[in-house]
Structures are given as C-alpha cells and as structure tokens.
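*Asks:* Take a look at this one; I'll ask things after.
The values are calculated or read from the model by the stated rules, or taken from the named source; none is laboratory data. Please read these numbers as outputs of a predicted model, since none were measured by experiment. Cβ placement follows ideal geometry from the backbone for every residue including glycine, while neighbour counts extend to all protein chains displayed. For accessibility, only protein heavy atoms count, side chains too; no ligands or nucleic acids. Shrake-Rupley method; radii C 1.70, N 1.55, O 1.52, S 1.80 Å.
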Amino acid sequence: MNPRGLFSRATIVAVFLITAGCATLPEGFERLETHAFVDTEDTRLGRAFRDEAADHPGKSGFHLLAGGLDAFVARAALARVAQCSIDAQYYLLHDDLTGKLFIRELVDAADRGVRVRLLVDDMDLAGRDLGAAVLDSHPNMEVRLFNPFSRKTFRTFQLLTGSGSVRRRMHNKSFTVDNQVTIVGGRNIGNEYFEANPDLAYSDLDVLGIGPVVRKVSESFDSYWNSELAYPAAVLRGEPPTTEQIEKVQGRFAEVVTGEEATAFLSAAKDSALAQKIRQGEVDYHWGEAEVLYDLPEKVLQGYEQTEYHLSPQLRPYFDELENEVIIFSAYFAPGKEGAAFLKQLGDRGVTVRILTNSLASTDVPIVHAGYAKYRKDLMRSGVELYELKKDARTERHEDINSAQASLHVKSFIFDREMIFIGSLNLDPREVVHNTEIGIMFESEPLAQEMVNWF
C-alpha cells in the first residue's frame, strides 16, 4: 500500500466531517433575558442633551467620527460619564493595546455600578475564554459570545467544513451608553481602527447619535443579546475562573494599560480634535430624521432566501428613490453579477454612481479585491465612476510614518447629497447575504456635503 494513500484528500475530508459532526455547544443552561434601560432621561447624558433635543422634536442629532483618535476618545469619554448602562456589540475585539484600554473603560464603569453588557462575535476570540470569563465574573458586567465555535474541536476544521453556521458572523458594531448616546459605524476595537498601529493606517468612519435613534439601536442590541446564538462566556468555558486566575489575568492586563505605549497613545488621544472640543464645550450636532437598519440575528440560522430577516430590503427603497447621485464608500466591494447590473440600471436612469474602494495594494483582504476586479471594466463602461485608495495615503497621525499602509475601512452611502447611511455593511455578498449588519440612515445636507468633500 502507498503510505500516501492514508492521507488522501478523501481521507482528510472524512476526518474533517467526522470532527465537525462531533462539534457541540453547551445545552440546558440559563440565559437571563435583559433589556436596555428606558428611564434614563435624568442621567448626566440625558440632561446634557435635553434642551437641544426639545428644539428638534422627533429628530436625532449626529456628529461624525472620522479620525481614529477621536473615535477612541468618544467611546472613552462616554464610558466615563455612564451612570446606568453600557451596551457594546462588536465583530472583532483585539487583544492589543486599544482593546485592553477599551476593556479598562468598561471595567472602570462596572466598578462604579454601571451595568455593562459586552457582546462579541466569537471569530476573534480563540484562546481567550479565560479572559472573557474573568470579565463575565464581575458582578456588574456580562459577556456573551455570538455564534460560538465548539470548544471540542479545532476552529479551522469547523471553518473548512462549514459546519452549522460558523461561516456566518455577526459583523455589527455599536456602542450605546445610558440609552442616550450611541456610536455606530465601521470600526471594530483594535489598534488599526484607532491610529495606534504604526504599520496600518485605516481610514474609517463612525457616527455618534443622540435622540430617538438611540432607542432603535438599543432594540437591535437587545435582539442579539437575547438571541439563542448569544452564549454567556462562563458557560462556554465550562467553569468560573478561580480567584488566582482572576488576579493573574488582572495583573497581566495592568502591565499593558499602564505601560509606556499606553501612556503615549492616551497622551495623543488627549490632544485630539474631539478631546479639545469636549473640553471647550463645542461638540456640534446636526439634526434630522433617522432610521436604524439592521439584520435580525435569526438571519444566521435561516436560508439565504429568507430575506425578511435581512437589512438589504430596508436599504433598497433609498436606492430606488435616487434622482441624481449616489456616492459609495465600501472597503470590501464585490458587486457580483446582480450588483453590477443594478448599478448599471442606476446609470441608465441618469443617476451618477461614484464608488471608492481599496486598491489591491491597500486592501487587507486580497480575495475580495479579486472578486471586484473582474467587474471593474464592465462597471466603468456602464458609466460607474470607480476610485481606489492608494496604499501610501496618509491620515494626520501617520503622515510621518513611511511604513504605514493606508487601507479604507469605511462603509457609507450618500444619497442625492441629502441622506447618509453609515454602518458596518460593505457591498459584498458575504455581508449582504451571509453576515449580520447594522447602520443608521439619516438626513443632513451639511454632513452629506462634508462627506462629498471628503470623497
């Protein structure tokens, strides 16, 4: 017998299938259902915006967070004034400097008595069950992992075999404090999103919202938090951490967040444009009608044709009502045949279509660029204006760092220079059909024009 036959492709696939078949998740545990607090008007944040909100009844206020330092400052500042609750939902939460600084803000708030609910997709959390369980052990903090991988077999096997729904992820990103202020956009939590990575300079965008839109984001968060796909961190680990384990994790954590690197980053954040505006009381908001669009968590468990759970049908009317122009920022742009045909139809109707995406040199996911490149010529022939980010573009913080690679991470659409969508959704079938997403659609001609200028 040829020894290589023992390791034939069929044998390997069989092993994968057997392993995936044994992959299981905990059952029979208690998942306490909780919801966002509603009586929060008398919190510090509620009082801060009361008069301005009264001048704009029924409308929501928005402030763009384009710079990475500003985006971190906004989250940290809100966490520090929180009095009732923090609800944070993210696809990725890196185990790096800004990830740890973000966690510190959550823990500090929990220490003050603030209820913290942290919901993270399990994609980025391999080998981090102990750390998640330590956070979950805090009396005022709960950590849940969405659509977790089985802990009884290798993640790679599960991804390769596509067992269950492991390839369909929660890509949502939101941060809501006291049910009074929310941040929604393209950023995960990690160094590259907050200008703390010297090798990678992400251009990204969040929007900070106040007013009625916040309650809608909280409704979305609650639907995911109470989903059957959200597993408490302690349940996945199987046992609570010991006192010794908690102290050890806390010790390693303290070494990072009080080190020289953290001090340098926090010093830069302290001098950011938003930090200065906060100190001077000059943070401005643009008010308008708004709608929160999001996939339902059940999308992950349903067939692709079950579009009643999808965000895209909620977005379609805004494209259908276009009269003059749509500007699209999409870090990962792969239109597919249907998407390319739809964009061509817009052009045939007289709508100008302008798209900014990553070049092959600037993207961090080359396979997506390959899915886009084959449509590039046809799109341009149909009148679509295509622009690609150069890898040597610079953000303010990276102007003097020659090695920093620029990469677009924005997901936003501007409709007729009046309506803006900012969220987690790229025009990529993986996100439109497979994953779950969230975004805010709001009206603001001044902010739309600001984004046009940025484009």
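*Asks:* Quick one: Val214 ticks every box in (1) under 27 Å from Glu261 (Cα atoms); (2) of a type in the set (A, V, I, L, M, F, W, C); (3) open to solvent by less than 20 Å² (accessible area, probe 1.4 Å); (4) not in a loop (DSSP other than H, G, I, E, B) except a single one, so which number is it?
*Replies:* Failing condition for Val214: (1).
*Asks:* Let me ask another. Tell me which strands (runs of 3 or more DSSP E) are completely within region 383-455 and hold 3 or more residues being at pLDDT 95 or above, or say none if there are none.
*Replies:* Ranges flagged: 385-389, 411-415, 419-423, 438-443.
*Asks:* Among the residues of region 340-372 satisfying the criterion of being out of contact with any strand residue (DSSP E or B) (no Cβ under 9 Å at 6 or more places or on another chain) and over 12 Å from Val384 (Cα atoms), which is least open to solvent (accessible area, probe 1.4 Å)?
*Replies:* Across region 340-372, the extreme among qualifying residues is Gly371.
*Asks:* Can you give me the number of residues within region 330-339 that are modelled with pLDDT under 95 and outside any loop (DSSP other than H, G, I, E, B)?
*Replies:* Selection size over region 330-339: 4.
*Asks:* Taking region 411-424 as the search range and keeping residues that are open to solvent by 10 Å² or more (accessible area, probe 1.4 Å) and in contact with an Asp or Glu (Cβ under 6 Å, 6 or more places away or on another chain), which one is nearest to Asn324 (Cα to Cα)?
*Replies:* Asp416
*Asks:* Tyr224 passes all but one of (1) of a type in the set (Ser, Thr, Tyr); (2) touching a Pro at 6+ places or on another chain (Cβ under 6 Å); (3) open to solvent by 10 Å² or more (accessible area, probe 1.4 Å); (4) in a helix (DSSP H, G or I); which number fails?
*Replies:* With respect to (1) of a type in the set (Ser, Thr, Tyr); (2) touching a Pro at 6+ places or on another chain (Cβ under 6 Å); (3) open to solvent by 10 Å² or more (accessible area, probe 1.4 Å); (4) in a helix (DSSP H, G or I), Tyr224 is out only on (3).
*Asks:* Next question, about the same structure. Please enumerate the residues belonging to region 177-211 that are over 14 Å from Gln89 (Cβ atoms) and in a strand (DSSP E or B).
*Replies:* Selection gives Val181, Leu200, Ala201, Tyr202, Ser203, Val207, Leu208, Gly209, Ile210.
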